[in-house]
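*Asks:* I'd like to ask you about the structure that follows.
The values are calculated or read from the model by the stated rules, or taken from the named source; none is laboratory data. Keep in mind the model is a prediction, meaning the values are calculated, not measured. Virtual Cβ from ideal backbone geometry, glycine too; neighbours counted across all protein chains shown. Note: areas computed on protein heavy atoms with side chains; ligands, DNA, RNA excluded. Shrake-Rupley method; radii C 1.70, N 1.55, O 1.52, S 1.80 Å.
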Amino acid sequence: MTFRILGPLEIEVDGRPVPLQGARQRTLMSMLLLAPDRVVSVDTLAEAVWRGSPPATARNQLAICVSALRKTFKAVAGLDDVLVTSHPGYMLFSGEHSIDAVEFERSAALGREAARGGRAEEACARFEDALAMWRGPALEGITAERVEAEVSRLDEMRLDVYEEYTGLRIGLGQHRELLGELNAFTRAHPLREQATAHLMLAQYRSGRRAEALETYRSGRLHLAGELGIDPGPVLQELHESILADAPALSAPALAVTVAARAVVPAQLPSDIASFTGRSNELAVLDGLLGRVGRGALPVGSVAGIGGVGKTALAVHWGHQVAARFPDGQLFADLRGYDEDEAPRRPGTVLDSFLRALGVAAPQIPADQNERADLFRSVLDGRRVLIVLDNARSFAQIRPLLPGTGHCCVLVTGRDAMGGALAGDYAFESLNLGALDEYEASALLGRVAGDDRLVADPVGAARLGALCDRLPLALRIAAARLAAKPHWSVRTLVLRLEDQRRRLDELSPDERGVRAGLRLSYRDLAPGAALMFRLLGLLTVPDFAAWFGAALLDIDLVDAEDLIEELVDAQLLEPLSAGADGQVRYRFQELLRLFARERAYAEESDSNRRDAVQRAYKGWLGLAHEAHRRVYGGDFTLVRNPAAPHPLPAHLVEVLLDSPMGWFETERAAIISLVEQAAQDERAAAYAWGLTAVSVTLFQSRNYLEDWRHCAELSLGAVRQAGDPLGEAAMLHSLGTLEIVQWDYDSAHERLGLALRLFEEQGEEQGCALVLRNMALCERYRGELDRAAVRGRESLEMFRAAGDRYGEAYVLGLLAQIELERGEAATSLELSAEAIARGRSLGTGRGEAQSSVRLAEALTWLGEGTRAEEACRRALELVRGTGDRRGEAHALRALGEALWSQNRMAEAETVLREGLSAAREVPDRFLEGRAAAVLGCLLALRGDRPAAVDGIRDAAGLFAEIGAAPRWRERAERLLVAVSGDGTAGSAGGEPSPESLFALIKP
């Protein structure tokens, strides 16, 4: 097939055109043809096709478009491998096909090679062939912004080739033949100084000296008017030579752009056969190409930790774009981070580069500054790619930067050097991270070279994760598999799972993972090195700077500075800010293991233990304070002997501006700390203390699996440590969780054990908490009298202990119990008292719970308007804290209040919202209650089948969770009432609002 983009897009097979259907196919094909044999991501294609505003269905629509194109190519050419799917997008496989833009660049490169070899006529022929491929503006009619940017690059190349071509023809004595076309060219491109110089020289040699001087004057005016600049040195020198009738102008050998014979360096190391992925990163680097020849020098920076593949990426990209730099490619390993050798001096590198560019040794100055001047002079006007690998600092690379924007420089190192490079250069920065899961598995497979990884994709994914998807670690792991054909993937995975062995397994020699990390660590300042070591002692997935301050017991700003040093050294990865506005950081796991290894090698046992304890205490202190702000005091908690680490008051205010937001941000870290503390008998108190205080988050945000995980780990730890108080606290916590999950028998058993232990310890607060939850358990089991007795016992204990939140909660619970016993007036009094207690504490959560109970009592006393007000107040409170369970309760109660006012449509809307919230939590009991009430409303508006389905669902939910018999019986009566058999309701079997309303009372 033949693909033409140097003009309107055309595709042919054996001279027959291949039709494309619509602008979308044309744009997609244009994007792929502009990057043949390279993956173009779906995101990039979508942005081009939909001009920066792709729809949500863009990925599917592109897949359909590609499929249609494949069918077309199959039908007209019998080919099914032209468009290839390759993560993360698609690629046009050029194979034996012809693409005119590729042929153009190839012919231009051959022309330049001939020109450098002094074969001017051959060079002209090559350039003429290249220019003849243009049929008009490239991809004429395709208006996508990304296409237009690449088209501009192609047009710039065409203009460059034309100028080189005309320069050679002038050198061959064809100046008269060129006058007409050069006149037209400079009128169309008045800012192209090289073309203006060609025209001036052609005019002068044709005996038109005055016209040559007028051409200069006209060009100077145009440059001043358009850009506010004077002509460059080439034009100025030519102008002065014409004024002086310099004899040299008559010699064709001195034509302005006839290239002298020069050496073309090709210093790039060989490409890596197993190079995998990085399509997005390659696309970023491709952005440098569009800046070549447009003024400022294009400089790209690839930064990242050792082993992440910086050099491999730079070399791979360099080979891909080498044809764009016909005057050569220079490469230097600057040894910025080398275990044995010092960083290379710029003067030494300049000497090497100058020799590679053909400068004879005697002509190379001894002074570094003079070498840099000569380097820039030699490169002037040339297109050379320069790769500076493993750079240490900007001071090291600065003398190596050309003075011309026709070259391009790519720098790799641990430091991106953005502060020095941004602004003065056309700078593109790339912070290289780990491969994605797909790329990691692909790299493992390529290096291992057999089908073991393909046959075990789960094992391959785990192996990649254990290597942090770091290319160096992946290559080592895959090489080990290749060397051990009798090993399965799982064999190596099991070896790497052992954290004590992982670095050993991935560091078989001096070039392994540990060696690369050691180089970064070696150059840290003492304070940053200490921070690195101590951070590695904790297994938290991410953290904020306050954690570092607590760990080292230093000021927050000092801790931030040390942590940022680690970021600059690529030893920590910064994340976006959390809900508290604090920037968060994380380790790659291999880096954390290395940091821990250094801590055990360089820190004493006591230093390590003290640092870890400060971390536990810091989180425990903040968690306690967050709990205190949610509950209005140190309420609902059992005394914990572990003392928290105090943090500065102003920092606490910043971190806990939103207490629940802080809990949410730190959730993963808290779980990790509990896991770590539970493994150390001496830290068991921190494990159960963090678990107990974090129930504030676990319960309100429905993180029930996290709750159980932490509580069971902590229970095992306190039993191992012989801590009966901690055991009682965790039994109580698990008993509470069993109630939330409707396992009343297990809850009763755990709470009974907790009560006995609390009594033995003389812990009255703990006894009050257990009795409160026993009352709640009895209520759910339908034992309302026993529930009331337990509730009043706990109420007295809370009052004696001064736990006002506990008192408010139990008052609300007793209000609920009295309502379900049919004592609405008593319930109303208790609810009002509970709300008053909650408001005095300034805690919205308790007030919201009591407001819902007050609303229920008001509804059944016929005061629907007041009930609605109470519900809306409760909704305002729970929505402010993200309490979805509380929101579901409030919505269900609001729906009943609206029904009591005969506002049926509003009630149905609210109840549907409440039902959705209950399912999301999930809370099966609450879902059943909401479904039952909604079923009644559906029956009253005549949708009897939907009503029956809803109430039947409610009955099933009550049975599933083992709810009190009265709830199941009520659901059965509702089913009879709405089924239309006449056993309940008004005449004709239609249920009345009054009869249904009576049946849904608690």
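*Asks:* May I ask you to verify whether Glu876 is closer than 30 Å to Tyr631 by Cα and of a type outside the set (Lys, Arg)?
*Replies:* Yes, satisfied.
*Asks:* If the requirement is being in a helix (DSSP H, G or I), open to solvent by 40 Å² or more (accessible area, probe 1.4 Å), in contact (Cβ under 8 Å) with a residue 60 or more places away in the chain and farther than 23 Å from Ala283 by Cα, which of these qualifies: Val458, Val454, Val447?
*Replies:* Val447
*Asks:* Right, here's the next one. Can you find a residue in segment 146-161 that is buried (at least 17 other Cβ atoms within 10 Å of the Cβ), at pLDDT 85 or above and of a type in the set (Val, Ile, Thr)?
*Replies:* yes
*Asks:* List the helices (runs of 4 or more DSSP H) inside segment 528-602, counting only whole elements, that have at least 1 residues being more than 20 Å from Val612 (Cβ to Cβ).
*Replies:* 556-568, 589-602
*Asks:* Still on this structure, please answer the following. Specify the residue that is farthest from the chain's Cα centre (by Cα); the eligible residues are those in segment 115-124 that are small (Gly, Ala, Ser) and under 16 Å from Gly328 (Cβ atoms).
*Replies:* Applying the filter and picking the extreme gives Gly117.
*Asks:* Being free of Cβ contacts under 8 Å to residues at least 12 places away in the same chain and either in contact with a strand residue (DSSP E or B) (Cβ under 8 Å, 6 or more places away or on another chain) or not basic (Lys, Arg) (or both) is the filter; apply it to segment 84-124 and report the residue that is nearest to Leu34 (Cα to Cα).
*Replies:* The qualifying residue nearest to Leu34 (Cα to Cα) is Val84.
*Asks:* Shifting gears a bit: So, in segment 193-233, of the ones that are in a loop (DSSP other than H, G, I, E, B) and either of a type in the set (Gly, Ala, Ser) or open to solvent by less than 40 Å² (accessible area, probe 1.4 Å) (or both), which residue ends up farthest from His175 (Cα to Cα)?
*Replies:* Gly228
*Asks:* Scan segment 532-558 and report the pairs whose first residue is outside the structural domain of Ala678 (by the TED database) and whose second residue is open to solvent by less than 10 Å² (accessible area, probe 1.4 Å) and among the β-branched types (Val, Ile, Thr), with Cβ atoms within less than 6 Å and a gap of 6+ or a chain change.
*Replies:* Ala545/Ile563; Gly548/Ile563
*Asks:* When residues of segment 764-778 are filtered for being within 13 Å of Trp742 (Cα to Cα), surrounded by 24 or more Cβ atoms within 10 Å (Cβ to Cβ) and charged (D, E, K, R), how many remain?
*Replies:* Of the residues in segment 764-778, 0 are within 13 Å of Trp742 (Cα to Cα), surrounded by 24 or more Cβ atoms within 10 Å (Cβ to Cβ) and charged (D, E, K, R).
*Asks:* For segment 6-35, give me the residue count where each residue is open to solvent by 10 Å² or more (accessible area, probe 1.4 Å) and among the small types (Gly, Ala, Ser).
*Replies:* Result for segment 6-35: 4.
*Asks:* Give me a count of the residues in segment 389-435 that are in a loop (DSSP other than H, G, I, E, B), at negative phi, open to solvent by less than 50 Å² (accessible area, probe 1.4 Å) and in contact (Cβ under 8 Å) with a residue 60 or more places away in the chain.
*Replies:* Adding up the residues that qualify gives 11.
*Asks:* Every residue in segment 292-330 that is closer than 19 Å to Leu517 by Cα and polar (S, T, N, Q), please.
*Replies:* Listed by number, the list holds a single entry, Thr311.
*Asks:* Related question: Looking at segment 630-641, is at least one residue assigned to a helix (DSSP H, G or I), over 19 Å from Gln720 (Cα atoms), open to solvent by 10 Å² or more (accessible area, probe 1.4 Å) and touching a Phe, Trp or Tyr at 6+ places or on another chain (Cβ under 6 Å)?
*Replies:* Scanning segment 630-641, I find at least one residue that is assigned to a helix (DSSP H, G or I), over 19 Å from Gln720 (Cα atoms), open to solvent by 10 Å² or more (accessible area, probe 1.4 Å) and touching a Phe, Trp or Tyr at 6+ places or on another chain (Cβ under 6 Å), so the answer is yes.
*Asks:* Working only within segment 781-805, note down all residues that are of a type outside the set (Gly, Ala, Ser), in a helix (DSSP H, G or I) and open to solvent by 40 Å² or more (accessible area, probe 1.4 Å).
*Replies:* Asp785, Arg786, Val789, Arg790, Arg792, Glu793, Glu796, Met797, Arg799, Arg804
*Asks:* Out of (1) open to solvent by less than 30 Å² (accessible area, probe 1.4 Å); (2) more than 44 Å from the chain's Cα centre (by Cα), the odd one out for Asn183 is which?
*Replies:* The failed condition is (1).
*Asks:* Picking from Ala63, Ala108, which residue would you name as being under 14 Å from Met29 (Cα atoms) and either open to solvent by 40 Å² or more (accessible area, probe 1.4 Å) or touching a helix residue (DSSP H, G or I) at 6+ places or on another chain (Cβ under 8 Å) (or both)?
*Replies:* Among Ala63, Ala108, only Ala63 is under 14 Å from Met29 (Cα atoms) and either open to solvent by 40 Å² or more (accessible area, probe 1.4 Å) or touching a helix residue (DSSP H, G or I) at 6+ places or on another chain (Cβ under 8 Å) (or both).
*Asks:* Free of Cβ contacts under 8 Å to residues at least 60 places away in the same chain, surrounded by fewer than 19 Cβ atoms within 10 Å (Cβ to Cβ), of a type in the set (D, E, K, R) and assigned to a loop (DSSP other than H, G, I, E, B): which single residue out of Arg500, Arg511 fits that description?
*Replies:* From the options Arg500, Arg511, the qualifying one is Arg511.
*Asks:* Kindly evaluate Val76 against the criterion of being open to solvent by 20 Å² or more (accessible area, probe 1.4 Å) and β-branched (Val, Ile, Thr).
*Replies:* yes
*Asks:* Here is a follow-up. Check whether at least one residue in segment 719-726 is more than 25 Å from Ala917 (Cβ to Cβ) and among the aliphatic types (A, V, I, L, M), and report yes or no.
*Replies:* Within segment 719-726, one or more residues are more than 25 Å from Ala917 (Cβ to Cβ) and among the aliphatic types (A, V, I, L, M).
*Asks:* Is segment 81-103 home to any residue that is closer than 25 Å to Gly381 by Cα and either open to solvent by less than 40 Å² (accessible area, probe 1.4 Å) or under 37 Å from the mean Cα position of the chain (by Cα) (or both)?
*Replies:* yes
*Asks:* Does segment 757-778 hold any residues that are assigned to a helix (DSSP H, G or I) and free of Cβ contacts under 8 Å to residues at least 12 places away in the same chain, and which are they?
*Replies:* Correct list: Glu759 only.
*Asks:* Can you confirm whether Gly328 is at pLDDT below 85, in the same structural domain as Ala420 (by the TED database) and closer than 29 Å to Arg116 by Cβ?
*Replies:* No, not satisfied.
*Asks:* Another one. Against the condition buried (at least 20 other Cβ atoms within 10 Å of the Cβ), within 25 Å of the chain's Cα centre (by Cα) and not aliphatic (A, V, I, L, M), how does Gly618 come out, does it pass?
*Replies:* Spelling it out, it is not the case that Gly618 is buried (at least 20 other Cβ atoms within 10 Å of the Cβ), within 25 Å of the chain's Cα centre (by Cα) and not aliphatic (A, V, I, L, M).
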